[in-house]
1. If you take the square roots of the eigenvalues of the alpha-carbon gyration tensor of region 1-116 and sort them as a ≥ b ≥ c, do you get rounded (a/c under 1.5), prolate (a/b over b/c) or oblate?
2. Quick one: accessible area per residue over region 23-82, 1.4 Å probe, rounded to a whole number of Å²?
Amino acid sequence: MTGVLVALQQTGEGRPLPPAAEHLVALLRSWGPGPEHLTGLALAGITLPSRLGPRSVDALVFTRYGVVVIAAHEPGPAEWPGPGHRTGAVVSATKGALAAHEGGRHVTGLVAVVPPAGPREPDTPGAEPPGSPTAPALHWPEPAAVPGVAVVLADSRGLRRIIAQHNRWRTVWSADDVLDACYALSLAHLAPPRSALIADGFPARLPAPSRLPELPAVVPVPPDPAPPVAADDDPGPWIPAPRGPGSAVFPRQRPIRQVPWGLLFVLTVLVAAGVVAAVFVNQVFHGS
């Protein structure tokens, strides 16, 4: 296990890779073995079909977490379209070709800038690899900015860190998916054996996502309980409850009060005695 699996489309003396692309391929192959190994498949020097014609790119890297389109750029005279625009066009073409795969949504673009002088070899006495804390800072004219395409220095440490951190929160590419993607991109002749992808670190297949139980759009509400009914299925017409005699038509009669005859007799006797007493007193004082 010596780094990212690399498959070259432009091979032979008639179609050699540009120097910047060769430097990029050498970086991809240098990540390993050991903790520096990065699971991936790089298709280098490829041409992708698109609705606007074929699109060339220096490297298309599959990792377990996504797809990275890389254009190796060596600063020089301005050109159109620039490396950023070419990379953005390949990103769009890749997303369209891989739309049927979940990993097709996680495609990003990088422009890897290779300094014209080239990095010094690590085994040179006193030399420091680019990107190390003690190495001199490198400056280059950056290509025109393109939305969705990052510009990075083509050094081993920085480029590997950016590719490894791309969408690393979830695995979206398995060995079977990578092989299907190669067919979808018309690059099946560059696909390695399935066993090689699994040995490099790709899972054989993605685990099935956990499916939540489907809930109805409208939760049914149980109806209110029906009021109790009589045992008889046909209760018949409603009949009011009977009342006292005559109360259904006539109003209730007022109670008849009894006259206190004894009290009236006593009052009559007292009034008669009073009248007799008054007549007797009148005769005694006035005389006849």
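The values are calculated or read from the model by the stated rules, or taken from the named source; none is laboratory data. Treat the numbers as computed from the prediction; the structure is a model and nothing was measured. In case anyone asks, the SASA skips ligands and DNA or RNA and just uses the protein heavy atoms, side chains included. Shrake-Rupley method; radii C 1.70, N 1.55, O 1.52, S 1.80 Å.
1. Oblate, because a/c is 1.5 or more while a/b does not exceed b/c.
2. For region 23-82, the per-residue accessible area is 43 Å².
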